Number of protein chains: 2
Amino acid sequence: MSEIRKDPTSHTWIVLSTERGKRPSDFREREVGPPSALRPCPFCGGEEMAPPEDVHAIWPGEIDKRTKGWKTRVLPNKYPALRPGIELSQAEADTIYHLLSGVGAHEVIVESPNHEDTLATMPPSQIEAVIRTYCQRYKFWRRDPRVTFVLIFKNYGVAAGASLEHPHSQLVATPIIPPRIFEELEEAKDYYLRNKECIYCRMIKAEAEAKVSRKVLENDTMFALCPFASRFPCELYILPKKHAAALEEITQKEVSDLAKMISKVFRRMNKVLNDPPYNFMIHVAPLRTPGLLFYHWHIEIIPRLTMPAGFEWGTGIYINIISPEDAAKALRQAK
Amino acid sequence: MSEIRKDPTSHTWIVLSTERGKRPSDFREREVGPPSALRPCPFCGGEEMAPPEDVHAIWPGEIDKRTKGWKTRVLPNKYPALRPGIELSQAEADTIYHLLSGVGAHEVIVESPNHEDTLATMPPSQIEAVIRTYCQRYKFWRRDPRVTFVLIFKNYGVAAGASLEHPHSQLVATPIIPPRIFEELEEAKDYYLRNKECIYCRMIKAEAEAKVSRKVLENDTMFALCPFASRFPCELYILPKKHAAALEEITQKEVSDLAKMISKVFRRMNKVLNDPPYNFMIHVAPLRTPGLLFYHWHIEIIPRLTMPAGFEWGTGIYINIISPEDAAKALRQAK
């Protein structure tokens, strides 16, 4: 069973997940090489792969009306960092240490039955099914009072931490508000109290009007930009133009526009960066707070082209060697 | 010239350092392979490598009394993230954005004339020279009123971001207190106000007395432990037993004990983890605050065996698959 621990000397939390039974000496051999191209791929599988009921996984996700086959589905992670079905409890491991039971969830969202698909190559209609599946999972986890936050994310490519090729996202539900989200909520609330405006709404306006713009793309309802303080070369955010704190507030028109935007963004990234490894993270308000006036859901995409090292780990400051202005320009021009 | 930028939506700061003249499309080819074994190695070089005066680099660092050759020296970084000789200025890049000029410093501390040396193989007397050189650089930068914080760190191995083999550390001096240090100061001050005791002093006591200990090693003046909320497998801290906020307050006895401790720690890491890549960071109080009652300098060592991915970047929570209790046990037993 995993544990959630707080570092007494910083704002850091960890999930101690020893389910894989690894020992320190197992790291003597360094894993290298491409993601497992193992066949049969566990995410290509059919009905026999249906997960047990007790992990709350749903199957199928969406059905293709034409072929009657599945379009997306949700499976339990084989090595869950956090699990449902556990009592949320706190314990002082020692007078100075703080720990919680590892309650939560860890799911895999299979994005397509097609093993070779990527967000750059699948049709926008398939990406729409993925977005609707995300919304379904937010709504599902909103009902669990022990869960406070849900992160949906995606690791693509070995250098970004992917261990399987088949297109998939992951979901982790946590009983705490994660430090990174807490920071965003703090900054957004502070800005809202001073300016009576959402900082993200303001940022979209600023980038739409700027002379040297960091805007990459926009359509009727979605906006893509390289953030002013990009931590990584070609870091990119996608935000809804209409203020909303949670992805599950999205309309059907927005689902369609977001799918087209994701498709275009990754096709352009492929042109500029040649199929880069990346992490894709959806930031939403903590659960059960839709309608929040000061927070604005968004997708953060970080191509993993450079390596944070001692300076970044030691300070929390990121050295970036490509300006977001140059990155946005290259992505705008990559039609 | 580089810029320091603050993200308006989080506590993140970045250094935008475009000195290398890279463009987004330069990332189409991914760099792989071992650190450059280029000869002549720029850090093996002799007097012709002496840096220009205007970068404040010193040469030589320490001289070997026996051979009359240098033991350590300090060179400017070829691609400095931050530079001295620039006015510290603030500018609002836009109504919501905040930026500073890239003032500071970026130095290389060559740890030995011997290209093949590592912290695990060099004699403790050589490590003592390295520690004294670190102290000299803290004292040097303390005098510059524009500099607020100095991070000394070391990247070892390709997977930890090292680009050159020759044993070296780096120093970056910043005009801001970095977010990670700010967090530590906040938590330490808070604990001190409630308990009239330094949290790090308390942690050393707790680990010395614990039944299931995370202690790895101790000698007269130094203590090594795997922190309770280790972010990475076999993460390790070295702390002085006597309270001190800054490394430059160290005594000669402590220099000697720290050198022996560093040597032992890396020899044991090699035994358990087979020459792992690692980042090594020295956390000290901001400059011009020696004697701080609530902060305690320490060295953080993170072996780079696992890869933070979407979950870690999206939440700031770290999934660790090895408990610090198991890591400490393995390192204690690796004699």
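Here, segment A:238-291 yields an orientationally averaged convex hull projection of 4.3 nm² when only Cα atoms define the hull. Taking the helices alone, the protein assembly as shown has a mean residue ellipticity at 222 nm of -8000 deg cm²/dmol, built from -39,500 (n - 2.57) per DSSP H run of at least 4 residues and averaged over all its residues. Of all the C-alpha pairs in the protein assembly as shown, what % are more than 34 Å from each other? Summing the P(r) tail past 34 Å for the protein assembly as shown gives 46 percent. Neighbour counts of other Cβ atoms within 10 Å put B:LYS264, A:LYS154 in the fewest-to-most order B:LYS264, A:LYS154. With both labels modelled 7 Å from their Cα along Cα-to-Cβ, the B:ASN274 to A:LYS78 distance reads 2.1 nm.
Per the Debye calculation on segment A:180-333 with a single equal scatterer at every Cα and no solvent contribution, log₁₀ I(q)/I(0) for q = 0.11, 0.14, 0.20 Å⁻¹ amounts to -0.43, -0.72, -1.40. With its label point put 7 Å out from Cα toward Cβ, A:THR121 sits 4.5 nm from the same residue's point in the other copies, in order from shortest.
Each of the peptides B:256-262, B:74-80 was scored by the mean count of other Cβ atoms within 10 Å over its residues; in descending order, highest first, they stand as B:256-262, B:74-80. Based on Cα contacts under 8 Å between residues 6+ apart, segment A:243-310 shows a relative contact order of 44 percent. When the listed pairs A:LYS139/A:LYS242; B:LYS211/B:LYS260; A:LYS215/A:LYS264 are checked against a 24 Å cut-off, the alpha-carbon distance exceeds it for B:LYS211/B:LYS260. Calculated on the Cα set of segment B:149-193, radius of gyration then Dmax: 14.7, 45 Å. The alpha-carbon of A:LYS22 sits under 19 angstrom from the alpha-carbons of these aspartates and glutamates, leaving out residues fewer than 8 places away in its chain: A:GLU3, A:GLU31, B:GLU235, B:ASP275, B:GLU325, B:ASP326.
Placing +1 on each Lys and Arg Cβ and -1 on each Asp and Glu Cβ, with no other charges, gives segment A:180-333 a dipole about its Cα centre of roughly 440 debye.
Note on chain B: GNM, Cα springs under 10 Å; of B:GLY314, B:GLY85, B:GLY69, the largest mean-square fluctuation is that of B:GLY314.
Under the simplified labelling scheme, the A:ARG332-A:ARG28 pair shows an inter-label distance of 5.6 nm, with each label point 7 Å from Cα along Cα→Cβ.
For chain A, the residue among A:TRP13, A:PHE182, A:TYR192 whose Cα projects farthest onto the positive side of the dipole built from Cβ charges is A:TYR192. For B:LYS68, the distances from its label point to the matching points in the remaining copies are 9.2 nm, ordered from shortest, with each point set 7 Å beyond Cα toward Cβ.
By the compact-protein rule of thumb, 2.2 N^0.38 Å, the alpha-carbon radius of gyration of chain B corresponds to a ratio of 1.00. What the Cα atoms of segment A:45-178 give is an Rg and a Dmax of 16.4, 61 Å.
Per residue, the average separation of C-alpha pairs within less than 8 Å and at least 6 apart gives segment A:45-178 a relative contact order of 24 percent.
Compared with the direct C-alpha span, the chain from B:LYS189 to B:ASN219 gains 8.1 nm at full extension, assuming 0.36 nm per residue.
Taking other residues whose beta carbon is less than 15 angstrom from the beta carbon of B:LYS196, and scoring Lys, Arg as +1 and Asp, Glu as -1, yields +2. Reducing segment B:180-226 and segment B:267-335 to their Cα centroids gives an inter-centroid distance of 14 Å. Relative contact order of chain A, taken over Cα pairs closer than 8 Å and 6 or more residues apart, is 17 percent. For the protein assembly as shown, a crude dipole built from +1 on the beta carbon of Lys and Arg and -1 on the beta carbon of Asp and Glu, taken about the Cα centre, is about 240 debye to the nearest 20. Computed from the Cβ-Cβ distance with R0 of 41 Å, the FRET efficiency linking A:LYS211 to A:THR121 stands at 0.70.
Which parts of segment B:291-310 would a label at B:LYS242 reach, counting a residue when its backbone N lies under 16 Å from a point 7 Å out along Cα-to-Cβ? In segment B:291-310, the label zone of B:LYS242 (backbone N under 16 Å from the point 7 Å along Cα→Cβ) covers B:291-293, B:296-298. Between A:LEU293 and B:ILE177, the modelled labels are 3.2 nm apart [label points 7 Å from Cα along Cα→Cβ]. The shape of segment B:106-237 can be summarised by an equivalent ellipsoid whose semi-axes, obtained from the alpha carbon gyration tensor, come to 28, 22, 15 Å from longest to shortest.
Applying a 4.7 Å cutoff between beta carbons, the unpaired cysteines of the protein assembly as shown are A:CYS135, A:CYS226, A:CYS234, B:CYS135, B:CYS226, B:CYS234. About the centre of its Cα atoms, segment A:45-178 shows a dipole size close to 480 debye [charges on the beta carbon of Lys, Arg (+1) and Asp, Glu (-1) only; nearest 20 debye]. What sits nearest the axis between copies A and B, counting only chain A Cβ atoms, is the residue and whole-Å distance A:PRO308, 4. Counted by Cβ distance under 11 Å from A:THR18, the other residues give a net charge of -1, where Lys and Arg count +1 and Asp and Glu count -1. Filter the cross-link list B:LYS6/B:LYS241; A:LYS253/A:LYS335; B:LYS241/B:LYS329 down to pairs whose alpha-carbon distance in this structure exceeds 26 Å. Exceeds cut-off: B:LYS6/B:LYS241.
Helices of chain B meeting both criteria, an alpha-carbon length of 20 angstrom or more along the long axis and an average Kyte-Doolittle score not below -1.0, with helices taken as full DSSP H segments, are B:124-142, B:252-273.
Just so you know, all these numbers are worked out from the coordinates, no wet-lab data involved. If you're wondering where the values come from, they're calculated on a predicted model, not measured in any experiment. Ideal geometry is used to build each Cβ from the backbone, glycine not excepted, and the neighbour counts take in all protein chains shown.
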